[in-house]
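Taking it in order: structure first as structure tokens, then the write-up.
What follows draws every value from the coordinates through simple rules; no lab data is involved. Treat the numbers as computed from the prediction; the structure is a model and nothing was measured. Positions of Cβ are backbone-derived with ideal geometry, glycine not excepted, and every protein chain shown enters the neighbour counts.
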Amino acid sequence: MLGPRNERVFDPNASIVLVGCRGAGKRTLGFMGALHLRRRLVTEDHYFEKLTGISRGQFLLQHGKDLFARQDVEVFKRMLDSNRFGCIIECGMSSLSEEAQDALREYCRTNPVIYIHREREQIAALLDATDATALLKADEKHRECSNFEFYNLDDSATHCVGTSTSADCRQTVPSKLLNVREDFTKFLDQITGRGATKAWLESPFSVVAIPPEFRSYSYTLRLRLSYLQELDMALEEFEASADCVEFIIDQWPGDVAEVVSKQVTLLRRKLGLPIIYHVEENPRGQRRRAPEEKNPVDSDLLELGLRLGVEYLSVDLQRDESLIQRALRYKGRSKVIGNYWYMGFGAPPWHDDQHLENYRRAQSLGCDLVRMARFSTGDSPVGYLESFKKRVEQTIPNPRPPLVAYDFSVLGIRTPLQSKILNPVKHRDMDTDHDFLAIINIYSHCFGLEFQQFLLDPLEFYVIGSNVSWSLSPAMQNAAYEFSGMPHTFQAVTCSTLDRLTQICLSDTFGGASLTAPFKLAIMPQLKVKSHHATAIGAVNVVLPLRGKTNAILDHANSRNKAGAAQEFFGDNTDWSSIFTCLRRAISPRNYVQPSKTTGLVIGAGGMARAAIYALIQLGCRNIFIYNRTVERAREVANHFNNWAKGQQGMIAMAKPGADGSQLPTLEICRVIERLADPWPEGYQLPTMVISCVPATSLDGTPPADFVMSEGWLRSPTGGVVVELAYEPLITPLVAQMYAYRDQVNPSWVVVDGLEVVAEMAIEAFELMTGRMAPKRLMKDVCRRTWEQQQRGGGDGASGLVL
Ligand SMILES: O=C1C[C@@](O)(C(=O)O)C[C@@H](O)[C@@H]1O
């Protein structure tokens, strides 16, 4: 049997259409999406005016209702037709007409059409009370003329951008709409298929670059809708407790589509893990539903999961054929996991041909993964399952879908774990009442077991440099190892010779190291592979051993957490990516980067300043100014990046407005400001992103920078973000100046302090070196607590070896 044709994989550059009710947030999302995908934003109102020469309101007044309605639909169709590629198209009210909806349905064959919705009460509050009910009713039709949907989840609870002066708000200042932007941009990456490729190209060792089914070991956190509905702890508490999360729909409330859409969005946002979406046929302890009741409902629900762009759709292959076929036809870029569950007594043993036949059927249907679970009463020794897996490998040629197979009993899934990938786990605070898998395993225990069984090895990790005894990394990394069940150790080693560094790296139990001065540049020639970011910056701050048996990156990546001889090393730079993350998180929608206009300022000309410049470039900023006490060094850095930009074959070209307002292409992205007292350079916007990369305390006898901004440079009417990298002291002269300026002059400035950045660096280093997701909240918390202890003179802070 052959699987159906996948109807929802479109040209990656196909225009994306946004439909939905007024007040759903289409314009804002359209703007965010256009910036993210670097596409043109087409809005219906604007297009109407462009085509007819007058606004819709004027047209209505001048020509009356009937002619307006006809014109409106014509314009709508033309808008879709003449912008088939490279755009984000925001539809207005026209999409409520039947003719427009027919056109959208047709468009769905070739392009993504996303239905944007949000909580009904929120939309109603934004609409005129008289037409709210009618509009919301009409809005429901949008589901039928779209092929994706995005739930726009309000994030008002998390932001306090520069509006408050409380200590809490000073610490973490995520921008308003940050969560929505993250949700939407990830969603776009998933449905266009660019996410996975981008992650792999950007940093092949990053956690997101390797899907869970291709990791050497991976775990699935099972979360049931019934459980989530009654959850009395924050979802964030589930952070980093698996490689992916399985969302199991085991309840069918009246507004199930709404409940499910919201829940998927929440899981995505709070856990940041790929989602396996599963609709359970017969939940434990529930009334059995008749086939005519459950098949259509569950089939719609499966489609909903695909419309929401989940990474994996789990489909029971013992269910109704039409339900399976529909899911496979609609799968788009989601991967389908085909399941066979043998839940009761009398399940065929693993050597029964039935299992091989099942696997073959799943493969021929087009499933991307196959999952088989079997209720076992002690009738099936571990060896049987192992032989079955070998049989699959020997009889079915590659490429074949990865196999997840295990036995379970009333006591839970058998340990030691039988499947290498997607092993079901629970959170430590969860009971197992309603899960038929009676899951008793917790991620950290399971991962710990891999070490206990010598499948993985305890390793030594380091922060190495000439002045690292006060590094906060050992505290953060050791806490993260403990959380994840890894018996690794992390310590600070003070050393300044390359020979000694090499000796540490060549140890069989070396796991990886964060590097500081003087090694960030010196190590470069010794590295076999570098990320292209590290090459562009000309510096490395994380090294890892390459222990793969072949040359394949995946092999090396999956050899992390294993000991052995390593002659070759990989180098990456997380300095830039942490600055990038902090800037992205703090920047307000009004200050989103517009390459031809947005201006950034970097203070300093050392290694960190290079990373900061690169972060600005990666954000799309093409007007970067550098200020450094020694002007010559600033020039060197500017030259480095201007030369590098020239080699990028136009990818980095920017457009600088000429005197007449036209755009002049130039490759000079970095310029030097010579004196602090200079007025801001003419012709350039005032900076909205400022990164200070100079020490605030005296180093090696040189006086501290004590840098503060020239008041004249601070006058951006929309404020901006200041990132301070120094945290000794935490309130540097610049941070103090910005707090005061924010309180007294412009509350739109956001300040990111040095601890936030250094925690981000440690998080990214952890993920690169171990290949596991970092417990970010824990690491950030440990970072601040350790720093406070150090300030109080507590003994736990300073540590490490001197070599
Ligand atoms: O600046 C830092 C912080 C750091 O030195 C630390 O102590 O964690 C580690 C370095 O790799 C990084 O560049």
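Once the dipole of the chain is set up with Lys and Arg at +1 and Asp and Glu at -1 on Cβ about the Cα centre, which of L403, N282, I54 lies farthest towards its positive end?
In the chain, that residue is I54.
For the pair T494 and F345, how long in nm is the line joining their label points, each one 7 Å along Cα→Cβ?
7.1 nm
With only Lys, Arg, Asp and Glu charged, each at its Cβ (+1 for the first two, -1 for the last two), find how big the charge dipole of the range 719-770 is about the Cα centre; round to the nearest 20 debye.
240 debye
Cα to Cα, under 16 Å, and not fewer than 8 places away if on the same chain: which lysines meet these conditions relative to K646?
Partners within reach: K656.
Arrange Y481, Y342 by Cβ neighbour counts within 10 Å, fewest through most, would you? Please list the in-between numbers first.
Working: Y481 23, Y342 19.
Final ranking by Cβ density, sparse to dense: Y342, Y481.
Using modelled backbone amide H atoms (1.01 Å from N, in-plane), which distant-in-sequence or interchain residues come within less than 5 Å of E568's amide H?
L546
Can you work out the Karplus-derived ³J(HN,Hα) for every residue in the range 593-610? Use 6.51 cos²θ - 1.76 cosθ + 1.60 with θ = phi - 60°, whole Hz, and x for glycine or proline.
Result, ordered by residue: 5, 10, x, 7, 10, 4, 10, x, 10, 10, 9, x, 9, x, x, 5, 5, 4 Hz.
Taking a ≥ b ≥ c as the square roots of the eigenvalues of the Cα gyration tensor of the chain, is the shape rounded (a/c under 1.5), prolate (a/b larger than b/c) or oblate?
oblate
As a quick test, which of the pairs K520/K549; K390/K420; K520/K597 have an alpha carbon distance above 21 angstrom in this structure?
Checking Cα-Cα distances, K520/K549; K520/K597 exceed 21 Å.
On average, how much area does the Cα convex hull of the range 97-136 cover when viewed from any direction, in nm²?
Hull-based average projected area comes out at 3.5 nm².
To make sure I understand the rule: partners must be aspartates and glutamates, Cα under 12 Å from the Cα of K528, and not fewer than 8 residues away in the same chain. Which ones qualify?
E568, D572
If only Cα atoms are counted, what is the Rg of the range 287-343, and what is its Dmax, in Å?
11.3, 34
Could you tell me the calculated FRET efficiency between K549 and Q526, based on Cβ-Cβ distance and R0 = 22 angstrom, to the nearest 0.05?
Rounded to the nearest 0.05, the efficiency is 0.50.
Cross-link list K186/K262; K530/K780; K198/K270; K65/K137; K562/K780; K141/K262: which exceed 24 angstrom alpha carbon to alpha carbon?
Flagged as over cut-off: K530/K780; K562/K780.
Using a 7 Å offset from the Cα along the Cα-to-Cβ direction at both T630 and D706, what is the distance between the two label points in nm, to one decimal?
Between T630 and D706, the simple spin-label model gives 2.0 nm.
Which value in nm describes the separation of the simple spin-label points at R70 and Q122, placed 7 Å from the Cα toward the beta carbon?
Those two pseudo-labels are separated by 4.1 nm.
For the range 194-297, what is the convex hull volume of the alpha-carbon atoms per residue, in Å³?
Value for the range 194-297: 137 Å³ per residue.
Going by how many other Cβ atoms sit within 10 Å of their own, how do E788, E149 line up, fewest first?
E788, E149
When the helix-only estimate is applied to the chain (DSSP H runs of n ≥ 4, each -39,500 (n - 2.57), divided by the residue count), what is the mean residue ellipticity at 222 nm, nearest 500 deg cm²/dmol?
Rounded to the nearest 500, it is -12000 deg cm²/dmol.
Within straight cross-link reach of K50, meaning Cα distance under 19 Å, which lysines are found once same-chain residues fewer than 8 apart are removed?
Within the straight-line cut-off, K50 pairs with K77.
About the Cα centre of the range 228-296, how large is the charge dipole given +1 on each Lys and Arg Cβ and -1 on each Asp and Glu Cβ? Please answer in debye to the nearest 20.
180 debye
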